[in-house]
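Accompanying notes for the structure given below.
The values are calculated or read from the model by the stated rules, or taken from the named source; none is laboratory data. Nothing here was measured: the structure is a model prediction, and the numbers come from that model. Ideal geometry is used to build each Cβ from the backbone, glycine not excepted, and the neighbour counts take in all protein chains shown. Side chains are part of the model used for accessible areas, which takes the heavy atoms of the whole protein and leaves out ligands, DNA and RNA. Shrake-Rupley method; radii C 1.70, N 1.55, O 1.52, S 1.80 Å.
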Amino acid sequence: ASGVIGDRAFGRDPRVVSLLAKSLMHGLLQSGMANCGKHFPGHGFVRADSHTDLPVDRRSLKAILAEDAAPYGWLNTTLSSVMPAHVVYPKVDARPAGFSQRWLGDILRGQLGFGGAVFSDDLSMAGARVLDGEPVSHAQAAVAALNAGCDLVLLCNQSQGGGAVLDALISGLTEAQLKEQWQPWEGSEERRLALLPRGPALAWDDLMVQPDYMHALGLLP
């Protein structure tokens with residue numbers, strides 16, 4: 001149903017999605033790149049665009065886990081990281097998934113067994129600028145995301161104008177940490193470091209003649 005997702009998704013059937021996503025993730029890992037699954041638990045059943053609005057998905061937790069979120073459990077050992085959606089699922093939590101300990105801690109990590117890093121989605125999006133019915137600053141949104149279980153927060157397209165918005169975010173996070181309004185989760189540093197390449201990347205020409213790649217090409221119809 002989501003126009004903003006559209007062909008950014010692999011498909012409608014979670015089994016097909018998982019097969020295609022695992023192939024892509026495997027290829028990325030073979031070439032030295034980490035991967036990220038998004039937007040947890042699912043963005044496809046809402047029409048609103050979270051860049052400009054706060055989408056609401058009124059399905060039950062059972063329905064979401066059986067469809068959209070199923071690949072996250074099936075691929076939990078292959079996924080390097082996950083990005084939650086700026087979407088509210090009111091039958092599970094009143095907050096968007098990226099600001100919800102229920103979604104990130106209880107469901108993603110606890111129920112689905114995901115052990116990698118969690119990125120927030122872009123905190124400049126409209127779906128991240130209102131929490132509990134109140135407007136929030138970038139720093140307040142970042143603190144909420146980190147407290148919910150994110151290991152890293154993203155603020156995208158805000159580097160122009162001398163980076164004042166980024167400076168304000170960093171200052172706000174520093175102040176919040178000094179006031180003990182948030183602290184990194186246990187294991188968060190290790191999860192962030194695990195995203196870094198473990199060796200130098202192959203040059204493009206070398207990658208194109210790598211035996212695994214050449215073998216994979218031979219399998220294509």
Exactly which GluC sites (Glu not before Pro) in the range 119-216 are in a DSSP loop and have at most 10 other Cβ atoms within 10 Å?
Glu180, Glu186
Which of Pro211, Pro197, Pro41 ends up with the largest GNM mean-square fluctuation for the chain, with Cα atoms connected below 10 Å?
Pro211
Average accessible surface area per residue within the chain, 1.4 Å rolling probe, Å²:
56 Å²
Among Ala139, Ala164, Ala97, the residue with the largest mean-square fluctuation in a Gaussian network model of the chain built from Cα contacts under 10 Å is Ala164
If you average the sequence gap of Cα pairs under 8 Å that are 6 or more apart and divide by the length of the chain, what percent do you get for the contact order?
18 percent
Using the Karplus curve 6.51 cos²θ - 1.76 cosθ + 1.60 with θ = phi - 60°, what ³J(HN,Hα) values do you get for each residue of the range 148-158, in whole Hz, with x for Gly and Pro?
6, x, 6, 9, 9, 10, 10, 10, 9, 6, 10
Estimated translational D of the chain in µm²/s (Stokes, Kirkwood radius over Cα pairs; 25 °C; 0.890 mPa s)
132 µm²/s
Treating only the Cβ atoms of Lys and Arg (+1) and Asp and Glu (-1) as charged, compute the dipole magnitude of the chain about its Cα centre; round to the nearest 20 debye.
620 debye
Which residue fluctuates the most in the chain, going by a Gaussian network model with Cα springs under 10 Å, if the choices are Trp185, Trp204, Trp74?
Trp204
Given a cut-off of under 8 Å on Cα pairs at least six residues apart, what relative contact order in percent is computed for the range 34-124?
33 percent
Counting only protein heavy atoms, what percent of the accessible surface of the chain is carbon or sulfur at a 1.4 Å probe?
57 percent
With equal scatterers on the alpha carbons only and no solvent term, can you work out the Debye log10 of I(q)/I(0) for the range 1-105 at 0.11, 0.18 1/Å?
-0.33, -0.87
